[in-house]
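Notes follow the structure.
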Ligand SMILES: Nc1ncnc2c1ncn2[C@@H]1O[C@H](COP(=O)(O)OP(=O)(O)OP(=O)(O)O)[C@@H](O)[C@H]1O
Ligand SMILES: [Mg+2]
């Protein structure tokens, strides 16, 4: 900025900065939300919703006695396998489709439809091909997450501006150098976005698998609590799942920040 | 003789538009940056614009010209000093002023005509009246055949003209113009400068005009304010005593060239300063 | 070859491959193109179209509600600090979690009937509409807002004449995405409580009547695609100046 010593401006007139006001509002709304929830849960003729004062301790117990973390690890085990497969498949196919105009013209509409289609439609029939346990669930996770990775990879490659490639050509880069030094860096933000969204989707796919394909892990916690009318454990399970999802996204976002520190984070995934 | 002419012009304008006088007193402005530091944009700016006068502000890039214009129009506040228009402190955009923006800012979702109507619509002017005004202005700027086109279908020069028409549509006493011809090619620029000179003379507007272009400033203005590097200060207030109406050949007169050179000398000093 | 020709060749080839694969695999494992065709006829002659219509009705109700709620909520979140701090935080928390995990809870709250399905459809789509609208509002060029202020626009006029239009491409992208997720919500809710089309799919899957199964699947995918296409047409009709935002970029405001 200016090298001349700059006198400090007069103090702003508002008492609280934007950040502080935002924080206060947030805390205030959280308190209000919890209060409302507590009030609703303790209404006399209301049995379906447990109160925060019940869910809080139950969440703590569930975590410390290992029930919830174990369930989470079970869900994660097949989710991670599925995610890895989806990443390899999605990036690979994305590169292929982006590299060929014919593939783009013909396959992209199909990929977009698959991306938009309800994957859960497969649930009643995939058992015959994959079983309903580990590999069936892996398959479901892959189907949930592969398309978003694929589509992002492709649009990342396609978004590399033609001028960039022309400039590179003017410097006589080889094809390899072109890919390594121009295409990949330029497409990287999209690729990472695809992976981040892929993680979100894989998580949803994993929960769906644990609920609808074969009840197990986190799904089992929820279903058992639901069918035995253990309303406290049910909400605890929902809350825990939310926390896990939130944690997962935070980790992925932090990783993305490390890889691409120049990119401002703004959005949130599906 | 020329001074006489200007005097007459101003008197004519003053007669019906007392509210046109702009007074800027000791205006300073800082911007907070992301890192928590402050950029000192304007430093104790003071000047006055008489009703009917055309005053240009010229200065190095980033010296705070746009910011100054925004403050005078009331779009942003200043940390120190005050702006009076017609004797009253400015607290927000007033209906007596209208702005032509550096980046034009036409609304892509409105056709040319509806862009010109925008200000009138905000003031609750009825549909037929709006339309009549817009059509009249579109004819004046020679774009009546583009009335139903969207901005994306217009060239840069056409968009600039629509931006001007949009400001004129609300019949402002005060016209704030921020490098309206900055992004244009040399020919279009000269043509539009001529048009603007005619329009302003015809409608007796008070104009505060920001530009980078020394020739443009001298050609159009009654006075030129030359600004320093950031934090912007006014280096000199130059009176342009050239006869009006000004035709293109005035650009070759010795007085014109002398004034232009003088502005250039001032600005060149600033180029070296940073 | 033109694009259309390429498509005819490749898609035709895929259909042929599907047919051959279906014939080799046999009807227990895979339904061929012709079997799927006759499955469709059977589905219709069995009178199951009324079931489809019933599912569609719930879909439309849930989706309509999500539009009515999501767009204004998105505008509030995008335009005001209070909205972001009080509403935006929760919308986002719901967004990163799995709504599916709430199915057992929703059954307790809403029962297993129509209400549940409408609620699930609503929740599945409302988040996308809200978040996209908010992103659209937030991404409006600040210069458009300044211009309106310079012409003395009131807050209401700003919302009506600038914000709604500026955010429109995002809103439309959100509506399309929301539609896709509404369809997903419908499927998952019906599979969960085993009613309607979902129940039918469970039956057909269990007894391996893949011909009808594939036919229904295609119908549901078509419902998603047609809705999305229709929203796009409406957008271009209402706002011919706007561009259609596609794919992932659209809904995240990138
Ligand atoms: N909204 C803002 N936030 C932070 N800094 C700002 C803002 N607006 C302007 N500035 C800073 O204030 C200084 C003056 O900006 P301004 O736009 O007024 O310059 P200018 O003289 O109009 O430049 P140019 O001739 O390039 O248009 C610049 O350093 C700019 O970075
Ligand atoms: Mg400027």
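The values are calculated or read from the model by the stated rules, or taken from the named source; none is laboratory data. No experiment lies behind these values; they were computed from the predicted model shown. We place every Cβ from the backbone using ideal geometry, glycine too, and count neighbours over all the protein chains shown.
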Next on the checklist: Being exposed (fewer than 15 other Cβ atoms within 10 Å of the Cβ) and within 12 Å of another protein chain (Cβ to nearest Cβ) is the requirement here; does residue C:3 meet it?
Outcome noted: yes
Item to check | Residue within segment B:86-105 that is over 20 Å from residue B:57 (Cα atoms), touching a helix residue (DSSP H, G or I) at 6+ places or on another chain (Cβ under 8 Å) and without any contact (Cβ under 8 Å) to a residue 12 or more places away in the chain present | outcome: no
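Just to be sure before I move on: is residue A:191 modelled with pLDDT of 85 or more, away from chain C (no Cβ under 11 Å) and buried (at least 20 other Cβ atoms within 10 Å of the Cβ) in the structure I sent?
Judged against the criteria, residue A:191 is a match.
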Next on the checklist: Looking at segment A:143-160, can you tell me whether even one residue there is away from chain C (no Cβ under 14 Å), out of contact with any strand residue (DSSP E or B) (no Cβ under 9 Å at 6 or more places or on another chain) and either part of a helix (DSSP H, G or I) or modelled with pLDDT of 90 or more (or both)?
Outcome noted: no
Checklist entry - Going through segment B:143-194 one residue at a time, which ones are within 14 Å of the chain's Cα centre (by Cα) and more than 16 Å from ligand 1 (Cβ to nearest atom)? => result B:161, B:164, B:165, B:166, B:167, B:168, B:172, B:173, B:174, B:175, B:192, B:193
Item to check | residue B:163 being within 12 Å of another protein chain (Cβ to nearest Cβ), part of a helix (DSSP H, G or I) and within 20 Å of residue B:55 (Cα to Cα) | outcome: yes
Item to check | Among residues of segment C:133-144, those that are touching a residue at least 40 places away in the same chain (Cβ under 8 Å) and facing another protein chain (nearest Cβ under 10 Å), counted | outcome: 3
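So that you can scan it fast, the table gives a plain yes or no per residue for (1) modelled with pLDDT under 90; (2) within 16 Å of ligand 2 (Cβ to nearest atom); (3) assigned to a helix (DSSP H, G or I); (4) touching a helix residue (DSSP H, G or I) at 6+ places or on another chain (Cβ under 7 Å):
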| residue | (1), (2), (3), (4) |
| --- | --- |
| B:14 | yes, no, yes, no |
| B:26 | no, no, no, no |
| B:39 | yes, yes, no, no |
| B:44 | no, no, no, no |
| B:48 | no, no, no, no |
| B:56 | no, yes, no, yes |
Checklist entry - On the given criteria, is residue C:249 within 10 Å of chain A (Cβ to nearest Cβ), assigned to a helix (DSSP H, G or I) and modelled with pLDDT under 90? => result yes
Checklist entry - What number goes with the only condition from (1) modelled with pLDDT of 85 or more; (2) within 16 Å of ligand 2 (Cβ to nearest atom) that residue B:239 does not pass? => result (2)
Item to check | Unique match (being within 14 Å of chain A (Cβ to nearest Cβ), over 15 Å from the mean Cα position of the chain (by Cα) and at pLDDT below 95) among C:158, C:114, C:103 | outcome: C:103
Checklist outcome for this item: The helices (runs of 4 or more DSSP H) lying wholly within segment A:36-129 that contain at least 2 residues that are more than 10 Å from every other protein chain (Cβ to nearest Cβ) and surrounded by fewer than 17 Cβ atoms within 10 Å (Cβ to Cβ) are A:52-64, A:67-99
Item to check | segment C:103-119, residues that are touching a residue at least 12 places away in the same chain (Cβ under 8 Å) and part of a helix (DSSP H, G or I) | outcome: C:103, C:106, C:107, C:114, C:116, C:117, C:118, C:119
Checklist entry - Can you tell me which residues in segment C:22-58 are out of contact with any helix residue (DSSP H, G or I) (no Cβ under 9 Å at 6 or more places or on another chain), in a helix (DSSP H, G or I) and within 13 Å of another protein chain (Cβ to nearest Cβ)? => result C:25
Item to check | Hits in segment B:30-67 (condition: more than 12 Å from ligand 1 (Cβ to nearest atom) and surrounded by 22 or more Cβ atoms within 10 Å (Cβ to Cβ)) | outcome: B:49, B:51, B:52, B:54, B:55, B:56
Next on the checklist: Quick check on segment B:213-228: of everything there that is crowded, with 22+ Cβ neighbours inside 10 Å and within 15 Å of ligand 2 (Cβ to nearest atom), which residue is nearest to the other protein chains (Cβ to nearest Cβ)?
Outcome noted: B:227
Checklist outcome for this item: Scanning segment B:199-212 for residues that are modelled with pLDDT of 85 or more and either within 15 Å of residue B:49 (Cβ to Cβ) or surrounded by fewer than 18 Cβ atoms within 10 Å (Cβ to Cβ) (or both) gives B:205, B:206, B:207, B:208, B:209, B:210, B:212
Checklist entry - In segment B:58-74, which residues are free of Cβ contacts under 8 Å to residues at least 40 places away in the same chain and away from ligand 2 (no atom under 13 Å from the Cβ)? => result B:74
Checklist entry - Residues of segment B:68-101 being within 16 Å of ligand 1 (Cβ to nearest atom) and outside any helix (DSSP H, G or I), which ones? => result B:74, B:75, B:76, B:77, B:78, B:79, B:80, B:81, B:83, B:99, B:100, B:101
Next on the checklist: residue B:52 - would you say it is within 13 Å of chain A (Cβ to nearest Cβ) and either in contact with a strand residue (DSSP E or B) (Cβ under 8 Å, 6 or more places away or on another chain) or modelled with pLDDT under 95 (or both)?
Outcome noted: no
Checklist entry - Do we find a residue being in contact (Cβ under 8 Å) with a residue 60 or more places away in the chain and in contact with a helix residue (DSSP H, G or I) (Cβ under 8 Å, 6 or more places away or on another chain) anywhere in segment A:172-189? => result yes
Item to check | Filter result for the condition that a residue is within 17 Å of residue B:166 (Cβ to Cβ), touching a strand residue (DSSP E or B) at 6+ places or on another chain (Cβ under 7 Å) and outside the structural domain of residue B:167 (by TED's automatic domain parsing), over B:84, B:69 | outcome: B:69
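Does residue A:205 qualify as being more than 24 Å from residue A:106 (Cα to Cα) and in contact (Cβ under 8 Å) with a residue 12 or more places away in the chain?
On the way: more than 24 Å from residue A:106 (Cα to Cα): yes; in contact (Cβ under 8 Å) with a residue 12 or more places away in the chain: yes.
Here the answer is yes, as residue A:205 does meet what is asked.
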